[in-house]
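*Asks:* The structure that follows is given in the form of structure tokens.
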């Protein structure tokens, strides 16, 4: 299970767990009080949130992650031994739809974005077919890119283009379109590693230079590609098709690109609403008691609203970008009021979030999604301790003096499930029937 975050600098969005980290020393609420440079970083991560809940690729990724967590938690809760070894794999069952998707997802995601590379040049790009599966009986198309690293004496490297690069390239283009000129006026510039943040533009330059500098068209091409399972392949097929049509030279616009790409990529993909319902159903199964019901109410609301928006106005992201400066952008403000935001953590570990209009937050506990993410880190043995929520919980003591932070957060956070006042992690560990179980952790490796 790949736990790589969609990251920009020390900022990231945690896909499937509805958490943004914007590592700046300012309070990230309200929008009008956020400095422009911090708001640019906020917007980059917020685009990842939109990708997560409104595209086939993002929703499929949510389904894949949550399926794994539920399957592992269920099997642990039924075992006889008190202890379980980590990482915990899914059962090798090629008849299991969830297991097959688990094997396939790395090809759709593409090569990880780390290590990043400051300056690169693309020298080749081709579509190939990869065999995979327990017996290499399955095949899927992939895009293999060859490039040179200018900072390493033009050393050649290859990477498989996938959702990792398309989501990051799109978010970076959105941020740059809105804030580059504004921040230049303030003598502020964010230096972004060309791998992965410039990959989208560099591929366009390599294949179809006439479209490479049109950020809005490239953003639309990325968004259209993310409306498929395999965004790396889809993005390149869209670029090839646009080149054949001489799309830019004929002056076509963003809505035309969406229509052209949708016609090209329609294939056998299910409707986005079907994938959304599958992801939402699994997310709702995270919380099975009324006390946590506010989380399911929130999931249902934002999923229903974003799907209505995606169906009624597929180019809604374009509408948020054209006016620029988010503080003066009515479309962005309307969107933020309509959908709200995930949990947003700043450089002080303070948590804030924007409430969707007409939503009752009395039973909402967004920190529980982060706790589920921490459980995933244990199941996959990806920095399982100390608990990631420690600083956030400590900051939360200002508002809830019953929250306790102690040495168990560093060594065995699962033991918190027996406290009278449950922390988010302890609450989820207990809720999922794991109270009597402990992972075997080799602390020398963590």
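The values are calculated or read from the model by the stated rules, or taken from the named source; none is laboratory data. The model shown is predicted, which means the values in this text are computed figures rather than measured ones. Neighbour counts run over all protein chains shown; Cβ positions are idealised from the backbone, glycine included.
*Asks:* Provide a single number: the residues in the stretch 198-225 that are over 14 Å from residue 241 (Cα atoms) and surrounded by fewer than 23 Cβ atoms within 10 Å (Cβ to Cβ).
*Replies:* 10
*Asks:* Any chance you could count how many residues in the stretch 59-94 are touching a residue at least 60 places away in the same chain (Cβ under 8 Å), surrounded by fewer than 18 Cβ atoms within 10 Å (Cβ to Cβ) and within 25 Å of residue 136 (Cα to Cα)?
*Replies:* 1
*Asks:* Looking at the structure I just gave you, is residue 425 over 19 Å from residue 86 (Cβ atoms) and part of a helix (DSSP H, G or I)?
*Replies:* Answer is no for this residue.
*Asks:* Of all the residues that make up the stretch 245-262, how many are without any contact (Cβ under 8 Å) to a residue 40 or more places away in the chain, part of a loop (DSSP other than H, G, I, E, B) and crowded, with 17+ Cβ neighbours inside 10 Å?
*Replies:* Counting residues in the stretch 245-262 that are without any contact (Cβ under 8 Å) to a residue 40 or more places away in the chain, part of a loop (DSSP other than H, G, I, E, B) and crowded, with 17+ Cβ neighbours inside 10 Å gives 1.
*Asks:* Considering only residues that are closer than 14 Å to residue 165 by Cα and either touching a residue at least 24 places away in the same chain (Cβ under 8 Å) or exposed (fewer than 14 other Cβ atoms within 10 Å of the Cβ) (or both), which ones fall in the stretch 126-145?
*Replies:* Those that are closer than 14 Å to residue 165 by Cα and either touching a residue at least 24 places away in the same chain (Cβ under 8 Å) or exposed (fewer than 14 other Cβ atoms within 10 Å of the Cβ) (or both): 142, 143, 145.
*Asks:* Can you confirm whether the stretch 386-398 contains a residue that is modelled with pLDDT of 95 or more, assigned to a helix (DSSP H, G or I) and touching a helix residue (DSSP H, G or I) at 6+ places or on another chain (Cβ under 7 Å)?
*Replies:* No; the residues of the stretch 386-398 include none that is modelled with pLDDT of 95 or more, assigned to a helix (DSSP H, G or I) and touching a helix residue (DSSP H, G or I) at 6+ places or on another chain (Cβ under 7 Å).
*Asks:* All but one of (1) surrounded by 15 or more Cβ atoms within 10 Å (Cβ to Cβ); (2) at pLDDT below 95; (3) out of contact with any helix residue (DSSP H, G or I) (no Cβ under 7 Å at 6 or more places or on another chain); (4) closer than 17 Å to residue 361 by Cβ hold for residue 291; state the number of the condition that does not hold.
*Replies:* (1)
*Asks:* Please work out which one of (1) out of contact with any strand residue (DSSP E or B) (no Cβ under 8 Å at 6 or more places or on another chain); (2) surrounded by 14 or more Cβ atoms within 10 Å (Cβ to Cβ); (3) closer than 17 Å to residue 368 by Cα is the condition residue 395 fails and give its number.
*Replies:* Residue 395 satisfies every listed condition except (1).
*Asks:* Within the group 341, 357, which residue is touching a helix residue (DSSP H, G or I) at 6+ places or on another chain (Cβ under 6 Å), modelled with pLDDT of 95 or more, over 30 Å from residue 84 (Cα atoms) and part of a loop (DSSP other than H, G, I, E, B)?
*Replies:* Only one candidate qualifies: 357.
*Asks:* Can you tell me which residue within the stretch 68-93, out of those that are touching a helix residue (DSSP H, G or I) at 6+ places or on another chain (Cβ under 6 Å) and assigned to a loop (DSSP other than H, G, I, E, B), is modelled with the highest pLDDT?
*Replies:* Selected residue: 88.
*Asks:* Given the structure, is residue 242 assigned to a helix (DSSP H, G or I), farther than 20 Å from residue 125 by Cα and either without any contact (Cβ under 8 Å) to a residue 60 or more places away in the chain or in contact with a helix residue (DSSP H, G or I) (Cβ under 9 Å, 6 or more places away or on another chain) (or both)?
*Replies:* no
*Asks:* Among the numbered criteria (1) under 20 Å from the mean Cα position of the chain (by Cα); (2) within 17 Å of residue 47 (Cβ to Cβ); (3) buried (at least 20 other Cβ atoms within 10 Å of the Cβ), which single criterion is violated by residue 178?
*Replies:* Answer for residue 178: the failing condition is (1).
*Asks:* Moving on to the next point. Please list, ordered by first then second residue, the pairs with beta carbon atoms under 6 Å, 6 or more apart or interchain, first in the stretch 30-58 and free of Cβ contacts under 8 Å to residues at least 60 places away in the same chain, second in a helix (DSSP H, G or I) and crowded, with 23+ Cβ neighbours inside 10 Å.
*Replies:* Filtered contacts from the stretch 30-58: 52/58.
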